[in-house]
1. Picking from Pro79, Pro44, Pro67, Pro91, which residue would you name as being at pLDDT 95 or above, surrounded by fewer than 18 Cβ atoms within 10 Å (Cβ to Cβ), under 21 Å from Gly415 (Cα atoms) and not assigned by TED's automatic domain parsing to the domain that holds Ala417?
2. Restricting the range 331-352 to residues that are surrounded by 14 or more Cβ atoms within 10 Å (Cβ to Cβ) and polar (S, T, N, Q), which is modelled with the lowest pLDDT?
3. Go through the range 157-215 and give me each residue that's basic (Lys, Arg) and closer than 25 Å to Arg229 by Cα.
4. Among the strands (runs of 3 or more DSSP E) confined wholly to the range 354-452, which include 2 or more residues that are of a type outside the set (Asp, Glu) and buried (at least 17 other Cβ atoms within 10 Å of the Cβ)?
5. Have a look at Gly39, Gly6 and point out the one that is touching a Leu at 6+ places or on another chain (Cβ under 8 Å), at pLDDT below 95 and either among the acidic types (Asp, Glu) or not assigned by TED's automatic domain parsing to the domain that holds Gly407 (or both).
6. State the number of residues belonging to the range 218-244 that are modelled with pLDDT of 95 or more and either of a type in the set (Ser, Thr, Tyr) or at positive phi (or both).
Amino acid sequence: MASTSGVTRLIVHPNDYPWGKVGKDSMAGRLTKNASEPGFQFKPEQPYAELWMGTHPTNPASLFTSPSTLLSKHLSSNPSLLGSSGHKFNPPFTGAKGSGTEDQTEGHVPFLFKVLTCKQALPLQIHPNKELAKKLHEEDPEKYPDVNHKPEIAVCLSPSFLGFASFRPYDQIVVFFKNTPEINNLSSEIQSSIDKFIKSPNGDNLRDVWEQFLKLSDNENVVKEYTERVLKEGVDAFREFKGEGFSEREKENLVKAVRSSREYYHGDGGLFSTLFFLNLVELKKDEGIYVGADGPHAWLEGEIVELMAISDNVLNVGFTPDSDKDDPSLVSKTVTCKSKTPQELKLDSKVFSKSQQGNTKVYNVPFEEFSILKISDDDQLKSFDGPAIAIVLSGEWEISEEKAEEGSCWFVGAGNASSWKNVGKGSGENGDPQVWVAFYDAQAEREEVGEK
């Protein structure tokens, strides 16, 4: 089933969530030609939101040479391919009835890798920590299929990417409260929480006031009034917003976020509980950020590679119909109320020490289960002591002497060195030649991949 080089081609599939870009406008969609099985039916009018690459039973990879064989089954039969990760991380699947994991409890890589593309905001969400994930799974295994946490990172693939991530510095939240006249039309209960936070900006008071905002519905007149004013005034709507976090570029992005909300989620209270509270982060190509477990976020516009601990658990509280929103009280109790600046969220990168020709860049990720790197030209990589999954994002390559077309996805087993040859030597449909690799390696340099 696997080649003698330890490199195995995979079949992976997209998800068609409505927030994804449509047809060939979607990078995830364009990649399906070679990422999915031969004969995959591409639908030009369908949104393609994510391309999943991993062993999670919600949308698992299988072997290209044996499409009926799941990667997890292959790894269960060949546990040495997981290396140290097989001993370090217990698969987070109980096989509970209704979870969709009944026959897929073993043989898992410790991460889930995605290409994600969005034309509108994803639901405002957090991912439960391990303690809450276990509780939610026991109560509703169909909705919460695993017992894992879900810290994650995102690296920009498009020229730019916008997303809400983590709480703003408290003083910036106060600026929103003091300079948004529509707040006077909110309930007395919310205004009381706002006043309390302004007088004493701390995590406990932030938790209280954010919970009140999360309770706003998806059809709030006050949100609509605010939206129309901002779109009428443009950046001038933020004329009193001064200091860090409120440059002209950042104000333009605030207007862009309001405009997007007006088009897709008019009146949804998620606009207030993101715009007022969370950093609106702009990434340029190859820039990355992280969101820790329990960190609130809502990706807004653009294309990224996304990498997270293996989990499909999520709590949604905005940019989605009221009927689909989770309990605001539960979410507010779960969320980490620490503030961060966009710069604190961004990932450092450097040439990878296991790169023989210096054409591989690795990102320092502060999570245990995963790391990520980008290969931009010919290179050889020393072996990892854990598994890796690679996606040829653009160009034509040879991966350990295997032909690797644009969109093809590959598994590299632990203990296997690998070679990467750029044979196309030109830009592909998705830009300059590039391969992205998610991996686990406890033996890599700590300053490169973070503490393991």
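The values are calculated or read from the model by the stated rules, or taken from the named source; none is laboratory data. What you are looking at is a predicted structure, and each value in this text was computed from that prediction instead of being measured. Note that we place each Cβ from the backbone using ideal geometry, even for glycine, and neighbour counts take in every protein chain shown.
1. Working: Pro44 fails: under 21 Å from Gly415 (Cα atoms); Pro67 fails: under 21 Å from Gly415 (Cα atoms); Pro91 fails: surrounded by fewer than 18 Cβ atoms within 10 Å (Cβ to Cβ).
Unique residue meeting the criteria: Pro79.
2. It comes out as Thr336.
3. First, the residues of the range 157-215 that are basic (Lys, Arg): 168, 178, 196, 199, 207, 215.
Those that are basic (Lys, Arg) and closer than 25 Å to Arg229 by Cα: Arg168, Lys178, Lys215.
4. Numbers: elements: 360-363, 371-375, 379-381, 388-394, 397-399, 402-404, 409-412, 418-422, 434-439.
Filter on the range 354-452 gives 360-363, 371-375, 388-394, 397-399, 409-412, 418-422, 434-439.
5. Values: Gly39 fails: touching a Leu at 6+ places or on another chain (Cβ under 8 Å).
After applying the criteria, what remains is Gly6.
6. Adding up the residues that qualify gives 3.
Matching residues to (1) assigned by TED's automatic domain parsing to the domain that holds Gln191; (2) more than 21 Å from Trp210 (Cα to Cα); (3) surrounded by fewer than 22 Cβ atoms within 10 Å (Cβ to Cβ); (4) in contact with a Leu (Cβ under 9 Å, 6 or more places away or on another chain):
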| site | (1), (2), (3), (4) |
| --- | --- |
| Leu254 | yes, no, yes, yes |
| Arg259 | yes, yes, yes, yes |
| Glu263 | yes, yes, yes, no |
| Gly269 | yes, no, no, yes |
| Thr274 | yes, no, no, yes |
| Leu280 | yes, no, yes, yes |
| Glu287 | yes, yes, yes, yes |
| Pro296 | yes, no, no, yes |
| Ile310 | yes, yes, no, yes |
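Residue by residue, here is whether (1) outside the structural domain of Phe439 (by TED's automatic domain parsing); (2) in contact (Cβ under 8 Å) with a residue 24 or more places away in the chain; (3) among the aliphatic types (A, V, I, L, M); (4) farther than 27 Å from Leu393 by Cβ holds:
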{"residue": "Tyr144", "(1), (2), (3), (4)": "yes, yes, no, yes"}
{"residue": "Pro151", "(1), (2), (3), (4)": "yes, yes, no, no"}
{"residue": "Tyr170", "(1), (2), (3), (4)": "yes, yes, no, yes"}
{"residue": "Phe176", "(1), (2), (3), (4)": "yes, yes, no, yes"}
{"residue": "Asn185", "(1), (2), (3), (4)": "yes, yes, no, yes"}
{"residue": "Gln191", "(1), (2), (3), (4)": "yes, no, no, yes"}
{"residue": "Asp195", "(1), (2), (3), (4)": "yes, no, no, yes"}
